[in-house]
Each structure stands twice: as structure tokens, then as C-alpha cells.
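First the structure, in the form of C-alpha cells, and then the observations on it.
The values are calculated or read from the model by the stated rules, or taken from the named source; none is laboratory data. Note that this is a predicted model, so its numbers are computed, not measured. As a convention, Cβ positions derive from the backbone with ideal geometry for all residues, glycine included, and neighbour counts pool all protein chains shown.
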Amino acid sequence: MYNHLLFDLDGTLTDPKEGITNSIVHALNKMKITAPDHDELVHFIGPPLKDSFEKDYGLSGDDNVRALKFYREYFADRGLYENAVYPGIEDFLNSLKENGYHLYVATSKPIDYAQIILDHFDLSQYFDGIAGSELDGTRNHKAEVIQYVIEEFELHQEKCVMIGDRKHDLTGAELNQMDAIGVLYGYGSLEELSSYPSVALISDVASLKSYFLGTEV
């Protein structure tokens, strides 16, 4: 059915909570905004940061640019390493490659950071292509990243599926006439994901492996 699998990064391949929330707290402190508890910031994981800073804290224009600058100040130095690969992911990716699947990363995270993270955890070896946004804001939204992957690697949508943990992954796939699978072990709730188009909602990595490879779980 599918032979090209597009993966989100944050909340799908790795758990970035510590690094992202620490970076947001750093940015808010620099902006003289009282930061909430880290658990209240997990909704920042997935959507474009520019949009979340504007929606949650009314930071637009130059203030939005400054908040992003402060976020990256911490994230580029420490935050991107405050991260962990979800248990079972590396075995899953390896099994997919052994079974002839072509794998891609499609993330809203800047490609510079995504590449460092994937290299750091030795995951880059499993992917035929890695795509993300640019630091200047180009390809800031998931639909644009998915479109870039399709065009750059000359893929046919009917052979592709987007795998991610937030609504942006599902809607981005739909906008590109592509199927999507929502994973529930990341940061999108069942309530969130069930409201958007998908071919399946999958609870854990073992079940995701079973979906593609028929492995007993």
C-alpha cells in the first residue's frame, strides 16, 4: 500500500519535552513574561513556534522575532540535546528499511536543528531525506514541509503516508492529498487527533510496527 513513510520528529521519533520547554521558559524570562510550569507548555511541541508565541502571549512583529531569537539562544546550545528517542523507534526504523520502505523526516523544526538531533541519536542513517523549516521562516508550516518532500524526492502521494502526533501532521497530509496516521504516544490527545482525517490512530511504537510489518505485539 505505502512505500514512502514521512515521519514527524518531535513527539513521534523523539521526546523533546525537556529541551523545548526549557527553551520556552528561557525566552519568556528574557521577554519579562512570567513562565508557567513546564507541563503547561507541552502544547508548544509540534506547531510552529512563531504561531504559538503569538497565540499564547500576543507576541507579534518585532516581539515575536525577539522571542524566537531567545528561544533559539537556549535551544541551539543545550535544548536540542535535552531530548530522548522513544523506546523501540530505532528498531522500528531499522526493520522498515530492511523491508524495503523509504523513510523521510518532515518536521516544522528548522532543518539545521533537526539534522543535528538525528545525527546525535544516530537516526539519520535510516532516512532517504530530511526536511524541515528554514531559520528565516521559509516552510514554517507542516503542509509546506510535506509538499517540499513530495517535490524534492518526486514522490507519488498515493504511495505515501505522513506519521505524526499533532493535528498539523494530519491536516498537512490532507492538504497534500496524502494519507496520515496519528500516533497517541506523543503530544496530541485522542480528542485532538480524532477530529482530523487519518487512516489510523495508533497508541504506541509496538503497534505502529505491527501496522506496517505485521509484527506480533
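Summary of computed values
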{"item": "Among residues of the range 65-85, those that are under 24 Å from Tyr185 (Cα atoms) and touching a helix residue (DSSP H, G or I) at 6+ places or on another chain (Cβ under 6 Å), counted", "result": "5"}
{"item": "Meets criteria (among the hydroxyl-bearing types (Ser, Thr, Tyr), without any contact (Cβ under 8 Å) to a residue 12 or more places away in the chain and not in a helix (DSSP H, G or I)) for Thr34", "result": "yes"}
{"item": "Condition check for Ile111: more than 26 Å from Ala206 (Cα to Cα), outside the structural domain of Met31 (by TED's automatic domain parsing) and surrounded by 16 or more Cβ atoms within 10 Å (Cβ to Cβ)", "result": "yes"}
{"item": "Residue check, Asn99 under 20 Å from the mean Cα position of the chain (by Cα) and surrounded by fewer than 17 Cβ atoms within 10 Å (Cβ to Cβ)", "result": "no"}
{"item": "Considering residues of the range 179-217 that are in contact with a strand residue (DSSP E or B) (Cβ under 6 Å, 6 or more places away or on another chain) and in contact (Cβ under 8 Å) with a residue 60 or more places away in the chain only, the residue farthest from Gly132 (Cα to Cα)", "result": "Leu208"}
{"item": "Given (1) modelled with pLDDT of 95 or more; (2) under 18 Å from the mean Cα position of the chain (by Cα); (3) crowded, with 16+ Cβ neighbours inside 10 Å, number of the condition Phe44 does not satisfy", "result": "(1)"}
{"item": "Residues of the range 87-99 classified as of a type in the set (A, V, I, L, M, F, W, C) and either out of contact with any strand residue (DSSP E or B) (no Cβ under 9 Å at 6 or more places or on another chain) or assigned to a strand (DSSP E or B) (or both), total", "result": "1"}
